């Protein structure tokens, strides 16, 4: 597998576009479209927040048949807590795109990210839609990647190439993150496209496994968003032997590539977290169960005291120990081993050995900085 | 019941002192002693962190018989993660005080707060002990209140007076908080003294109930400390009719006064939280159970996004909704009611009605500010 230049429009038969439709006062791009030339097999993972934004509700319904051909995304407004109007306009957004693309509205998924509780300025989306669809191009993956951002500083996109049999497969992706990143999806959007031929249940399985070890292993502030979604579309243009069961010879290769793409996107979300100056890898060894290992990772990665210590380049292991101890585990001062890399560097490794068993987990996080407080104290 | 000037040395038969023994580089007071003229009935509540600092371990042992006459406290060093030497020096600290006071070492409790993982400079405590004991005075409650502080900006002490029968009862207290404040005790110390006559089991019950509705209803950063402890000593000097069972006519009056004292201390800890500019009262109504109400309170009160919104005077109810939704409750956009007071004021009330039942809870917290990050990024 090799990483190549590109993003969501790089796999065969995909196009994308991104533009400004006026939702963001700044005038920055805020409307994106990712589309395949033909209907795709689709799989999605959604936020586990019990309060779900309108686009999540609408997209969940459309995903019933695991089929989609396009994803329309706006940034700057989350269309959340917007009542029945929110649902109506999320649906309308998919319909206006479907009509212009001349496809069934059920094949158009919708996602939103941005401020919560304000009405979606649907008219702006409707007015911009013709230009958005007209501008679809295999060269415009990056435009889409840019238009889905909110407080992110950097575009996050990737493309990889690998062989399944003699067929070249491409997977492309873009993502947005920044604030409100945490377990079980955050204000985190991830869109993945591929020309691989794979059936719905295998695509779902591969995505679920990949997300568990990537997007669901990152935390910025432990806050869970109402809008998160990761979706993968596959159009089968690569004409590889259809991956139709878990023991298919190519399933593992495909899964590994998908996981790599997801993990790379997840890490870049942490790198580009609101106000972040550090990238912190928290590894827990010697846990009784994988779940225990992960919960200890999160206790450390979400500790404001650990995160400010990282910001201040102060390797205070007492704060790590206190975070571990805050869980009611059978850990004592004696058998707990904590190892730090230098806190002066941008990359920090924190490794904790619980000496309770042989399971392990890793979680990625960022530091808690003055900039984080500034951004979130003034967000509007 | 009325609030009077005073603190831990105000109830009859109590004395206190505080001084600098050189643990803090700044030269600020770092050693305190609270003592009764006679042995007291004692009750304590300790941190639930599975990693406990040496003084907690030592004090827990001494509390077996619910008897104590003095509490020695140092600030500037938590004596935590200090191995068997830590335990040895915590014990030695109680012994040196006991010898000077000419009482049994089991009657001297010990508490520490400050940096974790550094050896306790015991020699400094030993050298200062004679002066500390010599200076005990009924007028020096405030000196003790000052010497237990770390990053706290303000002394926290209170005294109240009330009648049980014809006897005047006094309860006094001092506390320290500041950072690492959260459920189940935090780097939070609370010392309460009273001249009421009450037996050990009733004192324990009254303290447990009071702490549940005060110290355990506050959070600053969701971090749980290894050193927390609240202790109450009662010497019976008021000669009231001994409170010896739950249905004793005076138990409720005493309990209410104790709860008032604890709640007042807890609130002042939040007011004086590291970097705080706001005092936030989070109330949850309409929960199925009290536990559910409290967990929703904490989800809101510990949300960095809610706390930065408070700091920025930005009443972003979407962030409150997202925090509520992050718990897997059966709450929907439709039945969730959120009410805010003005975010521009120092006191903010956030009230959430879940419409799931009729239980409620309240938690107090502060905002997340630039100053918090500065303090905790440089703490040493």
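Taken together, the values in this text are just the output of simple stated rules run on the coordinates, not laboratory data. Bear in mind the structure is a predicted one, so any value in this text is a computation, not a measurement. Positions of Cβ are backbone-derived with ideal geometry, glycine not excepted, and every protein chain shown enters the neighbour counts.
The Stokes-Einstein estimate for chain B, based on a Kirkwood radius over Cα pairs and taken at 10 °C with 1.306 mPa s viscosity, is a diffusion coefficient of 75 µm²/s.
For the stretch A:303-380 and the stretch B:230-245, what is the separation of their Cα centres, given in Å? The stretch A:303-380 and the stretch B:230-245 have Cα centres spaced 44 Å from each other.
Beta-bridge orientation, the stretch B:2-271: approximately 70 percent antiparallel, per DSSP, counting only bridges with both partners inside. Distances between equivalent label points of residue B:153 across the copies, with each point positioned 7 Å along Cα→Cβ, amount to 3.0 nm, shortest listed first.
Taking square-rooted eigenvalues a ≥ b ≥ c of the alpha carbon gyration tensor, is the protein assembly as shown rounded, prolate or oblate, where a/c under 1.5 means rounded and, failing that, a/b exceeding b/c means prolate?
Values: a/c = 2.77, a/b = 2.10, b/c = 1.32.
The shape class here is prolate.
Antiparallel beta bridges, as assigned by DSSP with both residues in the protein assembly as shown, represent about 70 percent of the total such bridges.
Estimated from helices alone, the mean residue ellipticity of chain A at 222 nm is -10000 deg cm²/dmol (sum of -39500 (n - 2.57) over DSSP H runs with n ≥ 4, per residue). Please work out whether the stretch A:252-311 counts as rounded, prolate or oblate from its C-alpha gyration tensor, where a ≥ b ≥ c are the square roots of the eigenvalues and a/c under 1.5 means rounded, while otherwise a/b larger than b/c means prolate and anything else oblate? Taking the square roots of the gyration eigenvalues as a ≥ b ≥ c, the stretch A:252-311 is oblate.
Where the label is 7 Å out from Cα toward Cβ, how close does residue B:48 come to the same position in every other copy, in nm, shortest first? Here the equivalent label points are 2.1 nm apart from this one. Computed over the alpha carbons of the stretch A:279-378, Rg followed by Dmax gives 13.4, 45 Å. Remark: label point of residue B:241 defined 7 Å out from Cα along the Cα-Cβ vector; separations to the same position in other copies 9.1 nm, ascending. Each Cα pair under 8 Å and six or more residues apart adds its separation to the average, and for the stretch A:1-116 the resulting relative contact order is 25 percent. By DSSP, the beta bridges lying fully in the stretch A:279-378 are antiparallel in about 60 percent of cases.
Note: relative contact order over the stretch B:190-329, using C-alpha pairs below 8 Å and six or more positions apart, is 27 percent. Calculate how steeply helix B:200-212 sits against the longest principal axis of the alpha-carbon atoms of chain B, using the helix alpha-carbon long axis, and give the answer as 0 to 90 degrees to the nearest 10. The helix B:200-212 is inclined about 30 degrees to chain B. Its relative contact order, with pairs defined as Cα atoms under 8 Å and 6+ residues apart, puts chain B at 18 percent. FRET efficiency for the residue A:349 to residue A:163 pair, using the beta carbon distance and R₀ = 25 Å, is estimated at 0.15.
When the label point is put 7 Å from the Cα of residue A:239 along its Cα-to-beta-carbon vector, which residues of the stretch A:1-33 have a backbone N closer than 14 Å? Backbone N within reach: A:12-13.
Spin-label pair residue B:154-residue A:123: with each label point 7 Å from Cα along the Cα-Cβ axis, the two points sit 5.0 nm from one another.
Which residue, A:192, A:41, A:96, tops the fluctuation ranking in a GNM of chain A built on C-alpha contacts under 10 Å? Largest GNM mean-square fluctuation: A:96. Here the label points at residue A:358 and residue A:291, each 7 Å from Cα along the C-beta direction, are separated by 2.2 nm in the simple model.
Of the two radii for the stretch A:52-148, the radius of gyration is 0.94 times the Kirkwood radius, both from the alpha carbons; that is the Rg over Rh value.
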